[in-house]
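Note sheet for the following structure.
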Amino acid sequence: MPNFTRTWWGDTFLSTIEQFTDSGRLSRGRTYANGRKVQSFEIEGERVVAEVRGSVNPYYGVYTEPLYTTVLEFEPISRPKWTAVIALMASKVSVLSKLLVGEIPDNIEESFETLGLHLLPQKGDFTSQCNCPDWSNPCKHIAGVYYLVAAELDRDPLKLFELRGLSREDLLAELSKTPLGVALSKELIAEPAAAEPSESLHTRPEVTVLEQQVSLTHFWQGASPLPSIVETPQPANVPAILVKKQGDFPPFWQRNNSFIEVMEDFYTRVRTKNNSLLD
């Protein structure tokens, strides 16, 4: 079953829902959302309206597949409070820069908490209703709509502001009016600089004129030929000197005999064998 959210705000919204919704109903709602039981779904300002196909259930007197209407209504933040929140958000580059490109910064709630508010809806910030015969609220139809709301917020984060009473257009317009918003907006709408040809050697290498006559012997042997006789290196006065500097009986050596003596003998054998190859 696919994940409905991939962002922190979508995950937070579902985590809030899980705090007051029965896990069994959430599971059935997830199945409804994934199984295309939701026939229509639309966010209109602070309202979410969906039509969800129900199930045949003779126990409730339902003998044909019904179509239920589910409505979620979110409590909007008042206009004066929005004005105060926008002023705080516009004073932080990390918040403002992401909002102007349609993203939700992870520290956005700090601006709301300062005023005793929160952007992401919590329990009590919205109501839900469905005209199905199930008396429980939320029912599986409402639970299915919860998942689709979370998925829509993932796709279009600024819908979160619309659910709390501030349209996308008003949000971006108010942010762009602030001093910092004016500067960032100019950068966003600025035309990219035209590319200019470069004089770099990486793009336009210089042409080197070679000599008319090239000696193949000089090319392969170079200016200084290699010596024809290789001098035999003098053996070290102290065999295995690097090992001896580290001390005897290292942690990995589990035998009772001396590690240095073993390595000294090994070094001597290797040196003797190499000398025979040079003869």
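Every read-out reported here was derived from the displayed coordinates using simple, explicitly stated rules and does not represent laboratory data. This one's a predicted model, so the numbers in the text were calculated from it and none came from an experiment. So basically every Cβ, Gly included, is an ideal-geometry build from the backbone, and we count neighbours across all protein chains shown.
Some points to look at:
- When only Cα pairs below 8 angstrom with a gap of at least 6 residues are kept, region 113-174 shows a relative contact order of 24 percent.
- R0 of 35 Å, Cβ-Cβ distance Arg155-Tyr63: FRET efficiency to nearest 0.05: 0.40
- Set Lys123/Lys159; Lys81/Lys177; Lys123/Lys177; Lys98/Lys140; Lys81/Lys159 screened for pairs whose C-alpha atoms are more than 29 Å apart: Lys123/Lys177; Lys98/Lys140
- Inter-centroid distance (Cα atoms) of region 10-41 relative to region 98-166, Å: 13 Å
- Net charge, Asp134 excluded, C-beta distance under 13 Å - Lys, Arg +1, Asp, Glu -1: +2
- Label-to-label distance for Ser15 and Val182 is 3.9 nm, based on points extended 7 Å past Cα in the beta-carbon direction.
- Loop trypsin sites (Lys or Arg not before Pro), region 92-127 (other Cβ atoms within 10 Å of the site Cβ: 12 or fewer; DSSP): Lys123
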